[in-house]
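The values are calculated or read from the model by the stated rules, or taken from the named source; none is laboratory data. What you are looking at is a predicted structure, and each value in this text was computed from that prediction instead of being measured. Note: ideal-geometry Cβ built from the backbone for every residue, glycine included; neighbour counts use all protein chains shown. All accessible areas refer to the heavy atoms of the entire protein, side chains included, with ligands and DNA or RNA removed. Shrake-Rupley method; radii C 1.70, N 1.55, O 1.52, S 1.80 Å.
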Amino acid sequence: MDLKNIAEKIIELKNADLKLRARLIKNGQLSEGYNKEMEALHNNNAKILNEIIDRVGYPTSDKVGKEASEAAWLVIQHSIAQPSFMKKCVTLLEKAVEQHKVAPINLAYLSDRIAVFEGKPQLYATQFDWDQNGELSPKLFDNLTKVNDRRRSVGLNTLEAQTQIMREQVKSENQKPPKDFEKSKQKYDEWRKTVGWL
């Protein structure tokens, strides 16, 4: 398979992901836990992308073009039931960022997502979830001043501004907090154990 076909395949994976997400939002099915259909799609996308990465390395823009490189990052970011794949990709992404082949913002998001699933504080506070007050809030992070400094260093806005944007987005998508926060948290922790994050 040549790089042009690989690029097209990666973009197809992303489009399938976004199409399913849009349908789940429209049907009001995104808020209650990790949707099984979405999990299956994410796992299948991760499997295909992992095979591509084993063949060509991390899909940087110089190999597959900007659109496919961004699509690969989205597929990786969504492969949350595949801890070993995500950790493999964060290592490859670190090298690609050092070589100025990938935007550091992508590494910030992926390393934060891994930290959240491992129960560690985020460095950039890019990951949000519902809190016990029914507000969408950043998951655990170390220090607001340091977080905003780090966010600025990779080209992100302030955490305060991003929190506002995220809350408006879930409102516009008609997403709602879980009906039972404690039960939802318990299910999330069980899921993390099942897939190997804990």
Total charge of the residues flanking Leu198 in space, meaning their Cβ is under 13 Å from its Cβ, with Lys and Arg +1 and Asp and Glu -1, is 0
Checking Asn45, Asn133, Asn174 against a Gaussian network model of the chain (alpha-carbon springs below 10 Å), the top fluctuating residue turns out to be Asn133
Does a label point 7 Å from the Cα of Lys176, set along Cα-to-beta-carbon, have any residues of region 19-63 with amide nitrogen under 15 Å, and which are they?
25-33
Helix-only CD estimate at 222 nm, as mean residue ellipticity for the chain, using -39500 (n - 2.57) per DSSP H run (n ≥ 4)
-21500 deg cm²/dmol
Say R0 is 35 Å: what FRET efficiency, to the nearest 0.05, do Arg167 and Lys120 get from their beta-carbon distance?
0.90
Give me the accessible area of Ser153, 1.4 Å probe, in Å² rounded to the nearest 10.
90 Å²
If you filter region 143-198 for trypsin sites (Lys or Arg not before Pro), then keep DSSP loop positions with at most 12 other Cβ within 10 Å, what is left?
Lys179
With DNA, RNA and ligands ignored, accessible area of Val154 (1.4 Å probe; Å², nearest 10)
30 Å²
Let me check I have the definition right: for the chain, take the eigenvalues of the Cα gyration tensor, multiply each by 5, take square roots. What are those semi-axes in whole Å, largest first?
27, 21, 16
Distance in Å, no decimals, from the C-alpha centre of region 53-81 to the one of region 1-19 is 9 Å
Which far-off residues, 5 or more places away or on another chain, put their amide H under 5 Å from the one on Asp129, with H placed in the peptide plane?
Ser137, Lys139
With θ set to phi - 60°, apply the Karplus curve 6.51 cos²θ - 1.76 cosθ + 1.60 along region 45-52 and write out the HN-Hα couplings as whole Hz, x wherever there is a Gly or Pro.
4, 4, 4, 5, 5, 4, 5, 5
Neighbour-limited loop hits for GluC sites (Glu not before Pro), region 127-192 (at most 16 other Cβ within 10 Å; DSSP other than H, G, I, E, B):
Glu135, Glu173
How would His100, His78, His42 line up by accessible area, probe 1.4 Å, largest first?
His100, His78, His42
Run through all the Cα pairs of region 1-101 and give the fraction in each 10 Å bin from 0, expressed as whole percent.
15, 48, 28, 9, 0
